1. In what sequence, highest mean first, do 329-341, 67-79 appear when ranked by Cβ atoms within 10 angstrom?
2. With a sphere of radius 10 Å drawn around the Cβ of residue 217, what net charge do the other residues whose Cβ falls strictly inside it have (Lys, Arg +1; Asp, Glu -1)?
3. Taking the chain as the reference, fit the longest principal axis to its C-alpha atoms, fit the long axis of helix 377-390 to the helix C-alpha atoms, and give the angle between the two in degrees, 0 to 90, nearest 10.
4. Note down the magnitude of the dipole of the chain about its Cα centre, charges +1 on Lys and Arg C-beta and -1 on Asp and Glu C-beta and zero elsewhere, to the nearest 20 debye.
5. Taking the Cα centroid of segment 411-455 and of segment 504-574, what is the distance between the two, rounded to the nearest whole Å?
6. Pull out a ≥ b ≥ c, the square roots of the eigenvalues of the alpha-carbon gyration tensor of segment 364-474, then state rounded if a/c is under 1.5, prolate if not and a/b is larger than b/c, and oblate in the remaining case.
7. Out of 5, 504, 398, whose Cα points farthest toward the positive end of the dipole of the chain (charges: +1 Lys, Arg; -1 Asp, Glu; placed on Cβ)?
8. For segment 2-319, build the charge dipole from Cβ charges (+1 Lys, Arg; -1 Asp, Glu) around the Cα centre, then report which of 53, 261, 133 sits farthest towards its positive end.
Amino acid sequence: MVVVSLAVATSGCGDGSSGEGPSRQVTFLHFNDLHAHLTPHWDRVRDTSAASGERVVRRGGLARLATLIKEQRADAPASVLMNIGDTYHGGVEALYTVGNAIVAPVDALGIDVGVPGNWDFAFGPSITRRRYTGEVVAGLLPPFAGEVLGPGFPNLAANVTVILPEERAGEPFLPATMTLDVGGVRVGFIGLTSDIVPMMFEQLAVGFEFAQGEEAYRAIVDEHAAALRSAGAEIVVVMSELGIHKDYRLAQIIAPGAVDVFFSAHTHEVTEVPLSSRSGAIVVEAGNDGYLGRMDVTLRGGAVVEKRWELIPITDDIPEDAEMKALVEAARAPFLAADVDLGLAVRVTAQRLTEPIDSVVGHAEFALDRRDALESSFNDLVTDAFRRSAETDVAISPGFRFDAVVAEPGRMLEDNTVAMGEITLEDVYRFFPVSYSMATGETTVDTIEGVLENLLANVYSADAFAQGGGWVDGFSGIRASIDLDGADGDRVRDFAVVSGDEVLTGSDVVTVTGCIRPLERPGVLCSHPGFANVAPLINEDSGSAWTPVDLFIHGLELLAPQPRGEITELSGRPSWPEAPFVQPLRLTALTED
């Protein structure tokens, strides 16, 4: 548990008070990036006391979170619970129910206010509109006749307007702000959802317009913060799914005193020490579903005088709340049944679940996770499986942040058991909770190099608002040297495709395995343009296109039992866990005007 207390210099801002008089406290409970994770799971966490700098531990689970929330609210009655981003998408229970299985357990947490995340748009604009507003808009995809359950708490998004239907163009999708009286303190909330939904896939953003760019977001925050202050808010916070890098940049450039705290989500970064800024706002992110953040804000008179941040891990020694445990078990029961046979609720592919999700589908010889923004062990393994199964020169897999850590055999775990390296079907769906199909195509080595260069800019750009997407995609079949200290578009120093004994470069044509999304544009593979002869990769046994889940399981038997790396980083910049953030936070660059 990490606790950090920051004193705040009072200068008469807010209501003009000097910070004198009796003190009052408001407690903000910050929960983010659930990704539909209902139960405890293994996770890799940074631990500077360990020789390796990290440990594999059990974290999360809504039954334990429910207990923890009740304990915190009993300790701090003047409290508010915030749920920020990526809630209803991320696991097998969500995938096969368009997120419906997640709604009741999340509602039972007693959330006061939330913000949707980019993955909450991933079931398509029709389902997104129905989930958050109950609105049915003609012509939006997917044409889904089933029930769509929505959250039982208000959600905010100051940065999204609707453009369909045309007669309502320009109207807000969700309210921009909300005020609550918390223990006699007037608190103003500004909500910002993710700005990358159109970049993820343009089909997910149909009917919406998302604000873009640093100046647009500065104006949004300044305008709404000023309005909330004018209406009597003594504390103003931003709940943001932009990610901690963009939020930290915004904290530098907004009006001084406009915002007290940015509560970040999306980037899954564990903020042990709050980030301070020129505007006076501090910025925190509570990792992912394995933590609950607590921020105690103390006022004296009408001025904030202290902000105390506590990062509380959700560990196995926290008792499970019986009511929540029953809700979670009910949500998971159909997926653990011996006779399970489920198809996707939105039948965009032929994907089916025909085994209980606790079935063991393979064994890992080394630890599998995505805890690296550049090249992770799971992305290396899965792209090897894709490339060897399809017999292509290269394979690409999306750079998602979410995962389900699989510890290598023999590792001593936090509960004093020894890992067996078992990979369950649920683990695989945790890595790929998407309705993609697999495909092959052709392109040049130069095009693949360009894909890598663009990805490096998306993740490592010194301009926070030039960043987008998740982390760097996984690759198999390439050999690259890069310099992360280079400028956008100039980080790749050497690049080749190695196919058997051949080293291919430049305009040489190579075959590639990757994913395609429903309604994908021609010539696109794994969201990247520039491919020719893109065609579904057919599973001869079923006659349908392979899914990432099934092709990964099929390809496990083809893999060598050791990790590998294909990207050499030349700058020597420290990475996680030596560095505190998985995606580097360049403090100097982000604070410059």
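What follows is calculated from the coordinates using simple rules that are stated; it is not laboratory data. The structure presented is a predicted model; accordingly, all values stated were derived computationally and were not measured. Because the Cβ atoms are built from the backbone with ideal geometry, glycine has one as well, and the counts that use them run over all protein chains shown.
1. 67-79, 329-341
2. Combined, the nearby Lys, Arg, Asp and Glu give -2.
3. Tilt relative to the chain: about 30 degrees.
4. Here the chain has a charge dipole of around 1320 debye.
5. So the separation of the two Cα centres works out to 10 Å.
6. oblate
7. 5
8. Farthest along the dipole direction, towards plus: 53.
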